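Beneath this line is the structure, given in structure tokens, with notes to follow.
The values are calculated or read from the model by the stated rules, or taken from the named source; none is laboratory data. The structure presented is a predicted model; accordingly, all values stated were derived computationally and were not measured. As a convention, Cβ positions derive from the backbone with ideal geometry for all residues, glycine included, and neighbour counts pool all protein chains shown.
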């Protein structure tokens, strides 16, 4: 595990004050205990705010509800053997002026001692004035390899042969902490839950975990690419990358796709495409909750974006859907937001450039006018597609898709060609709405709806391409300028 090797290097390189960001405290304690025994032939000394020091006779109960005393005790004892002091949740106390000053003093004194202080917390909120004294490192989330070992242990206990259940469980548990995995596995042993119920339960737990963050929403969808009418070029591009996340692709040397930007007229299937991609590629779908990003105190928005990235990495491989990205990342930064928009954009752009996780971003926008040029350049995302109003052939396909959904046996009774011909400036969403209106009209008259009913609703509807003619004409000129691909 890379974290273990990195921690060994830090301890061997005289880093005496180390801060570890993690949500898995027990896992960190276990790792530090093993490292200490290996490097120093000694046990670690553990402190928490309620109990003080707990596992060393020389320190027991010192520092109860007193973090300053906990630090002073480290400083007061002369120790011959090298010792690691693990201070849990210590990030909560660093802003206190006495703790802050004591850490600075210890920085100098620890360099001539055999003591190392490792502090932990769920967030990296170290005060600016002591950042240069403390080395920061993050404990990675539970890996698939660790989950695999837990599953192997379970299967040995239950004497179950390795089968497809193990593969399904490994995929389902991705994103869980090791404690959550163990708790869930204990329920399997106790309740003997069948495979189908078990996988549904894990999926439900994962959805609840993500929704608690309020930063992202976990989407379930049953619509694949066949459900979308038209968009032949986009479908082809996605189809040849369908297996890009497989082991076979990795062995072949395929680069995992970063994502796409879909720009176009409202109602042309951009959002639907995001859902369909996740379904087609059999990947979980997360949607970024825009309204939660720019709320809270100064610095909170940047943290939320980073949390969103961490969540995606937890459950990768996955699809991240960023709807209306032009509302989040914009060149027209608000001069009154203290640079928040700028910092958020930089965090996101850096992640897109450097990220090696299996996360496919599907961003949608109604225009690129306000988007930073950095997002549009190659390397951030793989491709930009312009999603235009559907052609005659595509409209026939769209009518067919929607009529098959509501009338799977009699859809061919409708005059698709005629309906497509009279909806020249209609989007896919507007076509769907016309069918829905026709159904209401016929249902109210206690009869089956017909081509004539749909035609009537079409004639009464004014499409967006007419009400926003100038804006859409400008967007279409850009779409066909040769700078982007046509969806």
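Of all residues in region 58-70, one or more are buried (at least 19 other Cβ atoms within 10 Å of the Cβ), outside any loop (DSSP other than H, G, I, E, B) and touching a helix residue (DSSP H, G or I) at 6+ places or on another chain (Cβ under 7 Å). One residue stands out in region 223-273 among those that are free of Cβ contacts under 8 Å to residues at least 12 places away in the same chain and surrounded by 14 or more Cβ atoms within 10 Å (Cβ to Cβ): the one that is nearest to residue 364 (Cα to Cα), namely 235. Under 23 Å from residue 301 (Cα atoms), in contact (Cβ under 8 Å) with a residue 40 or more places away in the chain, assigned to a helix (DSSP H, G or I) and in contact with a strand residue (DSSP E or B) (Cβ under 9 Å, 6 or more places away or on another chain), is that true of residue 347? So residue 347 does not fit the description; no. Restricting 458, 375, 435, 384 to residues that are assigned to a helix (DSSP H, G or I) and in contact (Cβ under 8 Å) with a residue 40 or more places away in the chain narrows the list to 375.
The residues of region 71-90 that are part of a helix (DSSP H, G or I) and either over 38 Å from the mean Cα position of the chain (by Cα) or farther than 26 Å from residue 39 by Cα (or both), listed by number, are 72, 73, 74, 75, 76. Apart from one condition, residue 121 fits all of (1) over 17 Å from residue 23 (Cβ atoms); (2) in contact with a helix residue (DSSP H, G or I) (Cβ under 6 Å, 6 or more places away or on another chain); the exception is (1). Looking across region 401-414, just one residue is over 16 Å from residue 228 (Cβ atoms), touching a residue at least 12 places away in the same chain (Cβ under 8 Å) and buried (at least 16 other Cβ atoms within 10 Å of the Cβ), and that is 414. The set of residues in region 429-465 being exposed (fewer than 11 other Cβ atoms within 10 Å of the Cβ) and either within 23 Å of residue 271 (Cβ to Cβ) or in the same structural domain as residue 368 (by TED's automatic domain parsing) (or both) consists of 462 alone. Tell me, please, whether a residue that is buried (at least 20 other Cβ atoms within 10 Å of the Cβ), within 27 Å of residue 376 (Cα to Cα) and touching a helix residue (DSSP H, G or I) at 6+ places or on another chain (Cβ under 9 Å) can be found in region 467-487. Yes, the conditions are met somewhere in region 467-487.
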